[in-house]
Amino acid sequence: MHFSNPAVDEVFAEFEKRNTDERAKIASLGGRLLEHRDEFLLPVGREVGWFLHNLILAKRPGRVLELGTSYGYSTLFLADAMTQVGGRLITMELADYKQAAARTMIEKAGIAAVVDFRLGDAVALIDADAGPFDLVLLDIWKDFYVPCLRAFYPKLADEGIIAADNMIEPAVVREDVRKYRAAVGSLPDMQTTLLPIGSGIELSVKWSSANKKL
């Protein structure tokens, strides 16, 4: 597994150093982490990052939607893969300072040409996009998972994929996670499963009854 150019490797090393440096402070906060969560990287982690990277290389989606740019850790993996397959990444974030930090890192990595940074409320931004989306990474605050699913699901392409993070950890968000898993599982044309990698990924594929590949 490798990135497309050395500049991406260098930016990834910066992200990993920041994550390592932040772990001790996060551990010291205990139950107060939610009060300070916007200060930290809180990344999907390298295992999930590479999983998503390889998924894009294998599926070769034309349009990928990332919900929750944050500081750009997962954006780096998605954008690097989209650079290699010739697709477009739309990444959405509510906090302007996070988006600015992410943009700086992606530009430093030399892969910003494939990224469309959008700022604002995720549901409103999804509503304003005609779609379709071939792959969606859902990694925002968990109480927004179901509203976002309802917004992008009608625009999910046939055989489109949803990867929803934090299905296992942290434990404090499990009530919202259960609601999301129930919502995606109730959709008749979605095939879905829980993958115990990273903090837990729910991987769901849109597969209609008209699809003759099975």
One residue from ASP127, ASP143, ASP158 being over 15 Å from VAL64 (Cβ atoms), in contact with a strand residue (DSSP E or B) (Cβ under 7 Å, 6 or more places away or on another chain), surrounded by fewer than 14 Cβ atoms within 10 Å (Cβ to Cβ) and charged (D, E, K, R)
ASP158
Would you pick out the residues in the range 96-119 that are open to solvent by less than 20 Å² (accessible area, probe 1.4 Å) and of a type in the set (Gly, Ala, Ser)?
ALA102, ALA109
For THR193, all conditions in the list (1) open to solvent by 30 Å² or more (accessible area, probe 1.4 Å); (2) over 15 Å from the mean Cα position of the chain (by Cα); (3) within 23 Å of GLY49 (Cβ to Cβ); (4) in contact (Cβ under 8 Å) with a residue 12 or more places away in the chain hold save one; what is the number of the exception?
(4)
Looking only at residues that are in contact with a strand residue (DSSP E or B) (Cβ under 8 Å, 6 or more places away or on another chain) and of a type in the set (S, T, N, Q) in the range 180-214, which one is modelled with the lowest pLDDT?
ASN211
Looking at the range 21-40, is at least one residue within 17 Å of the chain's Cα centre (by Cα) and in a loop (DSSP other than H, G, I, E, B)?
yes
Considering the range 75-85 alone, what residues qualify as being touching a residue at least 60 places away in the same chain (Cβ under 8 Å) and either open to solvent by 10 Å² or more (accessible area, probe 1.4 Å) or in contact with a Pro (Cβ under 7 Å, 6 or more places away or on another chain) (or both)?
THR83, GLN84
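The values are calculated or read from the model by the stated rules, or taken from the named source; none is laboratory data. Just so you know, these numbers come straight off a predicted model, no measurement behind them. Note that we place each Cβ from the backbone using ideal geometry, even for glycine, and neighbour counts take in every protein chain shown. Accessible surface is based on the protein model in full, side chains and every heavy atom, while ligands, DNA and RNA are left aside. Shrake-Rupley method; radii C 1.70, N 1.55, O 1.52, S 1.80 Å.
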